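Trainee: I am attaching a structure below and will ask some questions about it afterwards.
The values are calculated or read from the model by the stated rules, or taken from the named source; none is laboratory data. Just so we're clear, the structure is a prediction, and the values are computed from it rather than from any experiment. Virtual Cβ from ideal backbone geometry, glycine too; neighbours counted across all protein chains shown. The area values use the complete protein model at the heavy-atom level, side chains included, leaving out ligands, DNA and RNA. Shrake-Rupley method; radii C 1.70, N 1.55, O 1.52, S 1.80 Å.
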Amino acid sequence: MAMSPAAGRTPNPKAAPSPSPSARRAGADSASAAAAAAASDTKARFEAYNRLQAAAVAFGEKLPIPEIVAIGGQSDGKSSLLEALLGFRFNVREVEMGTRRPLVLQMVHDPTALDPRCRFQEEDSEEYGHPMVQAAAIADLIKQRTESHLRMIQAAVSSKPIVMRAEYAHCPNLTIIDTPGFVLKAKKGEPERTPEEILSMVKTLASPPHRLILFLQQSSVEWCSSLWLDAIREIDPTFRRTMIVISKFDNRLKEFTERWEVDSYLSASGYLGDNIHPFFVALPKDRGTISNDEFRRQICQVDIDVLRHLRDGVKGGFNEEKFGPYIGFSCLRKYLESELQKRYKEAAPATLALLEQRCSDVSMDVSRLDSKLQATSDVSQLRRSAMLHAASICTHLRALLDGAADPAPEVWGKTTEEEQMHSGINSWPGISVPVKPPNSSLKLYGGAAFERVMHEFRCATYSMECPQVSREKVANILLAHAGRGGSSGMTEAAAEIARAAARSWLAPLTETACDRLAFVLQSLFDLAMERSRTDDSRYQNVENMDGYVGFLAALRCSYYKFVKDLSKQCKQIVRHHLDSVTSPYSHICYESDFLGGVGTVANTLHRFNQFSGVASFDLSESGSLEEGQENLPPRDQQQMTPPAKANEREILKESQLTVPETPSPDLPADMHGGKKKDNGNMNDGGARKRHARMAAYANRSHHNNVTVGGDDLVSRSGSSYSSICSISAQYFAKMREVLIERNVPSALNSGFLTPCRERLFLALGFELFAVNDEKFMDMFVSPGAIDCIQNERQSLLKRQKILLSCLSEFKNISRTL
């Protein structure tokens, strides 16, 4: 029989005497008391975090509460693991709760709860419902809440969790968030994007650094071919807060025959790193109706069977010293509970400080709403606050027009394409090619966006050429001018064509520019509101007007109306400039610098204008000048003239010539010396007077050494249409240049920007505040305004009550740490 080491030692006379039985009992009692106190502190800490978590879910608080998020693919055993942790079954797999909506399981160890008691937190409330003990009722409620919520939001999955509190004598103090299982393909009847939506939602839930990740994977999946391990690496690259659980481990046991095979698999063969130790778990496969006690007994039996197989069924066993603490459900349960409690203890001081800050913020919000409710009965105070708010908005609008980069243009600005889409003005009238001004891809607002639209307007206008004019229109205008006589018929015809084109094509462009600029100014209201909110948060003595919905709506409407009136006035001013530029009395087409730039086309028109028979040209595409054409006397008629009459005509030839009249400074001068004066009604003279004019022109041409023959006339008529179109295009370009470079920019700047800088507050104040008290108060007591403030106050009071309760609990916890 082997001897113990203590049996062979000689007693030391100086050794301390063994404690008496009473001392040993006292020590045992003290240890028991310490253990009980520690257990009580642990439970108190757990309960405090549970209540804080419930408040965070109800009020949408973003609190860094330590939590465990269970993730994995469908059929990887998450639901079975949750039931094993709870210690009872409630058919969670049958309702497929994890596939569409997260479930927060708050497990509370209560030695008095011999039967499980489950309560569900009410939707959008921190209150819990009545306890439920029937497993079927629990599963039905989860299914009903999931389907109802998804039907309401019209979605296949949702990140809003269901919170269930389970109190049971056989469950640990643990909180786990069960997430939808990863899937590769949507189920029948679900949207095709369901797998992507589930993956995105799970990543969002698992990304916060205060959450631990419990990743499950079937043992049949090889480490090198894991589908979802890469997704975990994206969330937690170093697995610092990830616990990996290999489920259904019993399915893999039969493949192991040698020790090295087991140890290689348990060590993950280097795929996870030396410091990462996954857990290997197997659970009962029997899904029949069994009692809760039998269910827990089966869980323990499976752990025993797995260890027995590794020790006895594998040659050489396995490295139990290294891998033993990670095999079996009981090891995983102890680790999860101890790790979460460790995180709770570490986070308690920071949580206490955060709660104090949140309670202070909520108290300030309640005081602000109380002041706002009190102010609704004080008209003078409301007027003062409203005027200060309106003045603040106007100040921020001026700052945005003068140039500002706050708030962030990347968020609040718009590109040219976004401006066109949001304004509903997707193109410029008459422009078929896309107009891309400089900086069109940058997100701009305010004065920068205003200038970009102005430049875009210039680009659009200059991309338009003088529209093609039909021969019929040219003939109608030209022949009418020729019928009035004078030597400038073709010149005036070209000018009239250019004026008509400018009025028809440039007017829609100017109106579109006004509409685009008005949209840029109207978009600034939301930016000014954002800047005002930021300033109000800096200065606590400035009252926040966000709760006064009616007043803010009236302020917005007044500003939109002000900008709309500016747009209407600008359209009238720009139209006046357009009418002035295209007026027959405008000198634009007759300026000396323009005449010099016309060149050979002007010379061509000069030669045509000098020929009084311009009406005899055929402007049709196939037309030519014939001898017997209208307005030209036949040759035999000239030969049949009696001699006496011929002599008389020679004598009267000079008197029948029209002497050019000295141009008046109030009338536009002709390109080459002015317009001839009419000699009465042209129908009175008949063929005789027309013949006299032809003879006079022939005589003048003779004196000027110009021979007008039949071939020369034909060449002139063939080029008349193209010449008129060419010179009218130059007239159009000149009108466009004067309008765009001289008139429109200054008109739009003074019509839009100057009033916004100088008259905006006066206009808003006159419309909003120059009214009696009764009408003024309608903006503040309109339906919903006061109710909105009161509802917000009630919600804040409930939130304040819960947070103060949690703060008190955490203060008590901090004293025991």
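Trainee: Among residues other than L753 whose Cβ falls under 15 Å from its Cβ, what is the net charge (Lys/Arg +1, Asp/Glu -1)? Could the numbers behind the result be given before it?
Mentor: Numbers: positive: R398, R452, R516, R757, R759; negative: D402, E451, D565, E758.
Value of the local net charge: +1.
Trainee: Would you mind pulling out the separation of the Cα centroids of region 184-209 and region 240-255, in Å?
Mentor: 24 Å
Trainee: I've got another one for you. So, with a 1.4 angstrom probe, what is the percent of accessible area on region 248-327 that is carbon and sulfur?
Mentor: On the way: 2160 of 4470 Å².
Heavy-atom surface of region 248-327 belonging to carbon and sulfur, 1.4 Å probe: 48 percent.
Trainee: Something else: How large, in percent, is the carbon and sulfur part of the accessible surface of region 192-239 at a probe radius of 1.4 Å? Intermediate values should be presented prior to the final figure.
Mentor: Working: 1210 of 2260 Å².
Taking all protein chains in place, region 192-239 shows 54 percent carbon and sulfur surface.
Trainee: Gain in length, T395 to K185, computed as 0.36 nm per residue apart minus the alpha-carbon separation, to one decimal in nm? Display every interim value, and only then the final one.
Mentor: Values: separation 210, 0.36 × 210 = 75.60 nm, distance 5.50 nm.
In short, 70.1 nm is gained.
Trainee: Amide H of V163: which non-local residues (sequence gap of 5 or more, or other chain) have their own amide H closer than 5 Å, using H built in the peptide plane?
Mentor: V104, Q121
Trainee: Follow-up. Once you've got the Cα coordinates, tell me which of K372/K775; K372/K801; K285/K342; K342/K811; K372/K414; K78/K285 are over 25 Å apart. Please list the in-between numbers first.
Mentor: Values: K372/K775 19 Å; K372/K801 21 Å; K285/K342 33 Å; K342/K811 18 Å; K372/K414 35 Å; K78/K285 14 Å.
In this structure, K285/K342; K372/K414 lie more than 25 Å apart at Cα.
Trainee: May I pose another question? If eta is 0.692 mPa s and T is 37 °C, what Stokes-Einstein diffusion coefficient results for region 52-244, Kirkwood Rh from Cα pairs, in µm²/s? If you can, show how the numbers build up before the last one.
Mentor: Numbers: Rh = 17.2 Å.
Result for D is 191 µm²/s.
Trainee: Also, quick follow-up: Rounded to the nearest 20 debye, what is the charge dipole size of region 52-244 about its Cα centre when +1 sits on each Lys and Arg Cβ and -1 on each Asp and Glu Cβ? If you can, show how the numbers build up before the last one.
Mentor: Numbers: 22 positive and 25 negative charges, 55 e Å.
That gives region 52-244 a dipole magnitude of about 260 debye.
Trainee: Take the Cα atoms of region 304-348, find their three principal axes, and give me the spread along each one in whole Å, biggest first.
Mentor: Each principal axis gives a Cα extent; for region 304-348 these are 48, 18, 7 Å.
Trainee: Now a separate question. If you take the alpha carbon radius of gyration of region 166-295 and divide it by 2.2 N^0.38 Å, what ratio comes out, to two decimals? The partial results should precede the final answer.
Mentor: Numbers: Rg = 17.2 Å, N = 130, 2.2 N^0.38 = 14.0 Å.
Dividing the Cα radius of gyration by 2.2 N^0.38 Å gives 1.23.
Trainee: Dividing the alpha-carbon Rg of region 265-407 by 2.2 N^0.38 Å yields what?
Mentor: Details: Rg = 31.9 Å, N = 143, 2.2 N^0.38 = 14.5 Å.
The reported ratio for this selection is 2.20.
Trainee: Based on alpha-carbon atoms only, what is the radius of gyration of region 248-327 relative to the globular estimate 2.2 N^0.38 Å? Don't jump to the answer; show the numbers that get you there.
Mentor: On the way: Rg = 14.0 Å, N = 80, 2.2 N^0.38 = 11.6 Å.
Region 248-327 yields a ratio of 1.20.
Trainee: Which ³J(HN,Hα) values, rounded to whole Hz and listed in residue order, are derived for region 333-349 from phi using the Karplus coefficients 6.51, -1.76 and 1.60 in 6.51 cos²θ - 1.76 cosθ + 1.60 with θ = phi - 60°, glycine and proline given as x?
Mentor: Result, ordered by residue: 4, 4, 5, 4, 5, 5, 5, 5, 5, 4, 5, 4, 5, 5, 8, 4, x Hz.
Trainee: Report the net charge of residues surrounding I573, where surrounding means a beta-carbon distance below 14 angstrom and charges are Lys +1, Arg +1, Asp -1, Glu -1. Could the numbers behind the result be given before it?
Mentor: Numbers: positive: K568, K571, R575, R742; negative: E511, D565, D579.
Overall, the nearby charge balance is +1.
Trainee: Quick one: what are the phi-derived ³J(HN,Hα) couplings along region 236-246, Karplus 6.51/-1.76/1.60 with θ = phi - 60°, whole Hz, x for glycine and proline?
Mentor: 9, x, 9, 6, 5, 10, 10, 10, 9, 10, 8
Trainee: Can you give the accessible area per residue of region 279-359, in Å², using a 1.4 Å probe? Mind showing how you got there, number by number?
Mentor: On the way: 4240 Å² over 81 residues.
Accessible area per residue: 52 Å².
Trainee: List the trypsin sites (Lys or Arg not before Pro) within region 164-269 that DSSP assigns to loop and that have no more than 16 neighbouring Cβ atoms inside 10 Å. Walk me through the numbers on the way to the answer.
Mentor: Working: sites: R165, K185, K187, K188, R193, K203, R211, R233, R240, R241, K248, R252, K254, R259; in loops: K185, K187, K188, R193, R240, R241, K248, K254.
Sites meeting the loop and neighbour criteria: K185, K187, K188, R193, R240, K254.
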